[in-house]
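Okay, structure first, notes after.
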Amino acid sequence: MKKVMLYILFIITITVSRCIFSERPHDQGSASSITARDTLLIPSEIQGNDVPGKAIHPLAEKMYTFLRIQEEERRNFQPSHHKRNDYLRIIAGQVKAMLKYQNSDGRIIDPVDKVEKYYTTPCYAHSVAVLASSGYSTDKEMIESGMKALDIALKDMKEAKAPGGHGDFFTWPALLAYEQFLPVASRTRIDKWKSDIRAIQPGKLYAAYGKLEGNWGLVNTAGEFLRARNGFTSMDYVDQMLEGQNLNFTELGMYNEYGDPLPYDLFPRHYLSGMLQMGYTGEQADRLRDILWKGAWTSLFMQSPFGELPTGFRSSHHIWNEAEQCVIFEMYASAYARSGLKKEAGAFKRAAMLSMGSMSEWIREDGSGYIVKNRYPIENKHGYEVYSVHTCYNMLATSMLALAWQYTDDTIEELPSPADVGGFVIPILKPFHKVFANANGTYLEYETKGDNKYNPTGLVRTHIKGANPQLGPSNGLAPYFSGEGVNIATGPSWQLSDGSWTSLAELSTHAPRVEVLKESTDTVRFRVTYDLNDTDETSDQITITQAFLIADGTITITDEFRGITGKKQISWPMLIFDGKDSVQVELEDSGVYLKLKGKGVHFKVLTPENVRLGRSGKHFKYVNGMAEVVFGEFTGDKVTYRLK
């Protein structure tokens, strides 16, 4: 009898497990919706444990605290009221702008570089395909332009002739376009597409074929997953590549490559999450699920209250940074909603809407986007990387939004996200050398170890509730855009014993101590301490301590100095021109007020009381426009200043 009861219990357990983890149709009222898998969530989430992921997520206690206070924060919460079709609205505007750049072969020709650049054309095809399959557009010319783009992209893939050697990035958008076009394309055209897809030789098409370092290998892996999913190849390469990438993920579920770039942390994760969502069940599925779930929550806590991805090394401040957030956050919002976890679903939905809202701020008059967060004409390429291209990076962003649209669910109620609520300090020191802090929607990003190329050391971003995020400032000044030897963040400089000057922003070899002192929704405090040496090896040690307080929509910083007898200076890099509009600057004795488009930021030195601020008069190019430094000199061992 006992054996029979155990057998019955075993059968019940298996049956329940299958119900929980089986694929379920994600019905959004559209034939183009993707089948979703609730195994994006770790088992303990689905089973409703009190502390989500306590055993495996380093941020588990912060997650638990956030979910506990989320309900009371709803009283003053204002949802965005964005809807699913807002993704399609942005995509349609972009596609309309790009259609005029298409040549007779179907290629999208960049209006500045005058050639087809990288993976613009397959991303255009995917963007049009979603407009067609959703029924949002019935424009026959537009739909045909998307199919022509897919025709030529697949031909290039078959012949291994992708522009710029970027074949690794073709397969994912091309196969997504293929899937979306199936209901509307002719049988003859579909047969030709199938023939070309089947003829692809990965070893010739992919520059990073089999390579286990960097995001390119994971991008082509995602493409091969889609080929396998559609029956054109096996899953062998996919499993092999995923296993080999294990060491590139951190304990927080983040992806790391050379330079610790935050845009390329999320970039490969949005492909891999898509693979899980679309049915990857191979050898690495469980491991991927755990990593990507951790990464999704980490990204939720790093997000700016204005919806922006954090700044960090190359490709920061591109609008596709926010588009990839939309993909990740929509996936997890829907996964939580299907599991009946409304609080988590609402937080991820809100985060996706914040990112969409950020992108909506950067649309040009013709419907295309400013691909970098400044408003210069596209011909200037201001703040661009050497590989940034107007057509390619706009279409990359819309391809991402097309994927976000496929996962989104309008029935999910927006609820406060960590970006809205705050109440945390999150040091992410190894390997990303960053600290994020947020109290009630006023937020900062601190760089503990600048790279002397893209980011200086120190306070590099302040996004203050009710202000214009670019006035924060939203980035520091560094050599890549501002010129050799320029490293300026919000923070101190001091005179060495030999009379020369140095600054905290210039430090790149010292790892500081970071202490979290207080975390509540209304108030957060933390302290960063650097132990340094003067130029003379026998001199006393120099210690620089920065203490941060965020409360009442104000960021207050106190810098203390030990071992420095010379003069000291406090500096604040301020945006003065965004490429289209000049910033209104009002200088006071100990403060300066900036205003742009009706929103302002006030910087003020509180103590010592006799500090007089001055403008440097020198203009620096940086990613968000042109900047000028405001500075004030003092002689004491302590200075306190604020931003509000």
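The values are calculated or read from the model by the stated rules, or taken from the named source; none is laboratory data. Please read these numbers as outputs of a predicted model, since none were measured by experiment. Neighbour counts run over all protein chains shown; Cβ positions are idealised from the backbone, glycine included.
Below is a table of values for the structure above.
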item	result
Answer residue from segment 85-109, given it is of a type outside the set (Val, Ile, Thr) and in contact with a strand residue (DSSP E or B) (Cβ under 7 Å, 6 or more places away or on another chain) and is surrounded by the fewest Cβ atoms within 10 Å (Cβ to Cβ) among those	Asn103
Tally of residues being buried (at least 20 other Cβ atoms within 10 Å of the Cβ) and acidic (Asp, Glu) across segment 122-170	2
Counted residues, segment 594-644 - those being more than 29 Å from the chain's Cα centre (by Cα) and not aliphatic (A, V, I, L, M)	21
Breaking point among (1) touching a Gly at 6+ places or on another chain (Cβ under 7 Å); (2) closer than 26 Å to Gly466 by Cα, for Glu586	(1)
Qualifying residue in segment 558-580 (condition: polar (S, T, N, Q), over 20 Å from Ala505 (Cα atoms) and out of contact with any Phe, Trp or Tyr (no Cβ under 8 Å at 6 or more places or on another chain))	no
Filter result (part of a helix (DSSP H, G or I) and touching an Asp or Glu at 6+ places or on another chain (Cβ under 8 Å)) within segment 168-192	Thr171, Arg189, Lys192
Verdict on Asp410 being modelled with pLDDT of 95 or more, of a type in the set (D, E, K, R), within 19 Å of the chain's Cα centre (by Cα) and within 26 Å of Glu71 (Cα to Cα)	no
Residue within segment 263-271 that is among the aromatic types (Phe, Trp, Tyr), within 30 Å of Glu144 (Cα to Cα) and in contact (Cβ under 8 Å) with a residue 60 or more places away in the chain present	yes
Strands (runs of 3 or more DSSP E) completely within segment 560-644 that count 1 or more residues being surrounded by fewer than 14 Cβ atoms within 10 Å (Cβ to Cβ) and in contact with a helix residue (DSSP H, G or I) (Cβ under 9 Å, 6 or more places away or on another chain)	none
Residue count, segment 200-231 (criterion: surrounded by 16 or more Cβ atoms within 10 Å (Cβ to Cβ) and closer than 19 Å to Tyr178 by Cα)	14
Top-ranked residue in segment 239-251 [being more than 17 Å from the chain's Cα centre (by Cα) and of a type outside the set (Asp, Glu); ranked as surrounded by the fewest Cβ atoms within 10 Å (Cβ to Cβ)]	Leu247
Hits in segment 467-508 (condition: modelled with pLDDT under 95, over 22 Å from Lys434 (Cα atoms), in contact with a Gly (Cβ under 8 Å, 6 or more places away or on another chain) and assigned to a loop (DSSP other than H, G, I, E, B))	Leu496, Ser497, Gly499
Test result for Val486, β-branched (Val, Ile, Thr), in contact with a helix residue (DSSP H, G or I) (Cβ under 7 Å, 6 or more places away or on another chain) and closer than 23 Å to Leu613 by Cα	yes
Flag for Glu560 being more than 30 Å from Val372 (Cα to Cα), assigned by TED's automatic domain parsing to the domain that holds Asn452 and among the acidic types (Asp, Glu)	yes
Which numbered condition Pro512 misses (of (1) without any contact (Cβ under 8 Å) to a residue 12 or more places away in the chain; (2) over 30 Å from Glu73 (Cα atoms))	(1)
Failed item in (1) surrounded by 23 or more Cβ atoms within 10 Å (Cβ to Cβ); (2) over 19 Å from the mean Cα position of the chain (by Cα), with Arg338 passing the rest	(1)
Segment 437-458, residues that are surrounded by 24 or more Cβ atoms within 10 Å (Cβ to Cβ) and either of a type outside the set (Ser, Thr, Tyr) or in a strand (DSSP E or B) (or both)	Ala437, Asn438, Ala439, Thr442, Tyr443, Leu444, Glu445, Tyr446, Glu447, Asn455, Pro456, Gly458
Within segment 198-223, tally of residues that are within 19 Å of Pro163 (Cα to Cα) and touching a Ser or Thr at 6+ places or on another chain (Cβ under 9 Å)	7
Verdict on Lys349 being within 21 Å of Pro261 (Cα to Cα), surrounded by 24 or more Cβ atoms within 10 Å (Cβ to Cβ) and in contact (Cβ under 8 Å) with a residue 12 or more places away in the chain	no
Close pairs from segment 379-395: first under 10 Å from Tyr118 (Cα atoms), partner surrounded by fewer than 21 Cβ atoms within 10 Å (Cβ to Cβ) and not hydroxyl-bearing (Ser, Thr, Tyr), Cβ under 6 Å, at least 6 apart	Val389/Asp110; Thr391/Asp110
Total residues in segment 438-463, condition polar (S, T, N, Q), over 16 Å from Ile557 (Cβ atoms) and in contact (Cβ under 8 Å) with a residue 60 or more places away in the chain	2
Condition met for Ile555 (of a type outside the set (D, E, K, R), at pLDDT 95 or above and out of contact with any helix residue (DSSP H, G or I) (no Cβ under 9 Å at 6 or more places or on another chain))	yes
Residues (surrounded by fewer than 24 Cβ atoms within 10 Å (Cβ to Cβ) and farther than 20 Å from Gly214 by Cβ) located in segment 252-279	Leu276, Met278, Gly279
Checklist (1) in a loop (DSSP other than H, G, I, E, B); (2) more than 11 Å from the chain's Cα centre (by Cα); (3) on the phi < 0 side of the Ramachandran plot applied to Glu308, failing item	(2)
Segment 257-285, residues that are of a type outside the set (D, E, K, R), touching an Asp or Glu at 6+ places or on another chain (Cβ under 7 Å) and not in a helix (DSSP H, G or I)	Gly259, Gly279, Gly282, Gln284
Filter result for Thr556 (in a loop (DSSP other than H, G, I, E, B) and either touching a Pro at 6+ places or on another chain (Cβ under 6 Å) or crowded, with 17+ Cβ neighbours inside 10 Å (or both))	no
Criterion (of a type in the set (S, T, N, Q), in the same structural domain as His126 (by TED's automatic domain parsing) and surrounded by 23 or more Cβ atoms within 10 Å (Cβ to Cβ)) met by exactly one of Ser399, Ser388, Ser360	Ser399
Some residue of segment 126-133 being part of a loop (DSSP other than H, G, I, E, B) and under 25 Å from the mean Cα position of the chain (by Cα)	no
